[in-house]
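The values are calculated or read from the model by the stated rules, or taken from the named source; none is laboratory data. The shown structure was predicted, so the numbers you read here are calculated from the model rather than taken from an experiment. Positions of Cβ are backbone-derived with ideal geometry, glycine not excepted, and every protein chain shown enters the neighbour counts. Surface areas here come from the heavy atoms of the whole protein model, side chains and all, with no ligands, DNA or RNA. Shrake-Rupley method; radii C 1.70, N 1.55, O 1.52, S 1.80 Å.
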Amino acid sequence: MPVLHTTRRDVRLLLVLLAATALHTVPAGPSAAADEPGWTAEPAAGTAAARPGGTRPYFYLEGAPAAVLEDRLALTNTTDRERTVTLRGADAYNTADGAFAVRPAAPTPGAGGAGSWFSFGAGATVKIPPRTRAVVPFTVTVPPASPPGDHPAAVIAAEAGREAGVRVHLRVSGPTLAALTVEDVAVRGRGAAAVVSYTLVNRGNVALAPELDIRAEGAFGEVTGRGPRAVPVELLPGQRVELTEPWPGAPVLDRVRVTVTVTAPGGAEAAASASAWFVPWRAAGWTGLGLLGLGGTAFAALFLVRGRRLRRGPAAGGAGGGPSGRPGATSPAPEHELTGASR
């Protein structure tokens with residue numbers, strides 16, 4: 001499954017190009033190494049969307065429902081042997097971590113999304129002579145009931161198990177809506193390893209380039225968060241991605257409420273929060289053991305003192321009782337008068 005990485009370019013144009021497959025000789029050069037693919041695929045030069053020098057990083061096509069859009073793909077064979085390359089359209093999507101990827105071929109023609117709108121006619125299988133560039137036209141037929149907005153896709157070229165993809169920014173004309181939500185905010189890890197995890201969902205019909213801002217409020221005031229920064233993801237319509245953001249400024253001891261705010265061009269904005277305790281568990285563990293030991297020592301001392309008091313209790317009285325007639329009462333010692341006289 002190829003993963004494509006492209007830059008964004010905010011241009012809007014309708015490409016109407018009709019051409020037949022043309023072969024152009026490539027200047028001779030050193031033979032390709034055995035570990036090199038031997039051929040490349042890219043948008044053909046010579047259109048208004050081309051960069052200076054005639055190159056384009058991707059295709060951009062836009063049209064109303066029922067429109068037929070056309071463009072051309074350039075395949076270059078850099079080796080000394082003939083290459084046979086097959087072409088198809090493919091739906092694009094975000095992987096769980098936000099990367100751009102394409103789906104495999106639909107099991108039946110016409111099934112699936114925008115990838116099934118592509119047609120290469122007789123050029124679906126192209127034989128490219130050695131040191132030659134083949135320019136292959138293709139069409140994109142937008143179904144009449146297609147909803148407006150972005151329908152990300154790609155042109156896939158394959159030979160002997162190797163695939164190369166060219167991104168296609170495909171938009172159906174009509175009202176557009178930039179909207180997203182932030183979900184499942186959580187804090188994981190501690191100290192320098194702390195991260196904020198969150199989920200972004202594109203609820204609109206256009207691709208988004210989100211920007212992230214993380215703020216945190218602790219029990220004693222504001223805590224250092226993460227300032228606004230671009231998220232390295234192009235969030236496609238209807239897609240959900242799970243992301244994490246490092247948080248090196250996480251506190252050591254505090255109860256913090258973390259708020260994740262995400263914005264995107266077109267007025268999209270959303271926020272969500274979560275609370276987390278930050279406790280230095282190792283230090284708390286040693287402190288707890290110390291308190292437990294201190295408590296045990298105090299309890300043992302109290303037990304010994306209580307035992308000694310019980311052993312030193314009052315002696316039992318006589319059976320007949322004392323002068324008062326109460327059982328156990330003791331008689332007072334007799335008093336003797338000392339006069340010094342002999343008896």
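Points to keep in mind about this one:
- Projected over all directions and averaged, the alpha-carbon convex hull of region 173-243 occupies 5.9 nm².
- Derived from the Cα gyration tensor, the three semi-axes of the equivalent ellipsoid of region 163-202 are 35, 19, 6 Å, largest first.
- Here region 154-258 is assigned +1 on the Cβ of each Lys and Arg and -1 on the Cβ of each Asp and Glu. Its dipole about the Cα centre then comes out at about 20 debye.
- Heavy-atom SASA rank of Asp184, Asp150 (probe 1.4 Å, accessible area, largest first): Asp184, Asp150
- Full-extension gain in nm, Ala45 to Ser275, via 0.36 nm per residue minus C-alpha separation: 77.5 nm
- Accessible area in square angstrom per residue, region 150-193, 1.4 angstrom probe: 41
- Full extension of the chain between Ala186 and Thr55 yields a length gain of 42.8 nm, computed as 0.36 nm times the residue separation minus the alpha carbon distance.
- Once the Cα-Cα distance is subtracted from the 0.36 nm per residue extended length, the Ala101 to Glu222 segment shows a gain of 39.6 nm.
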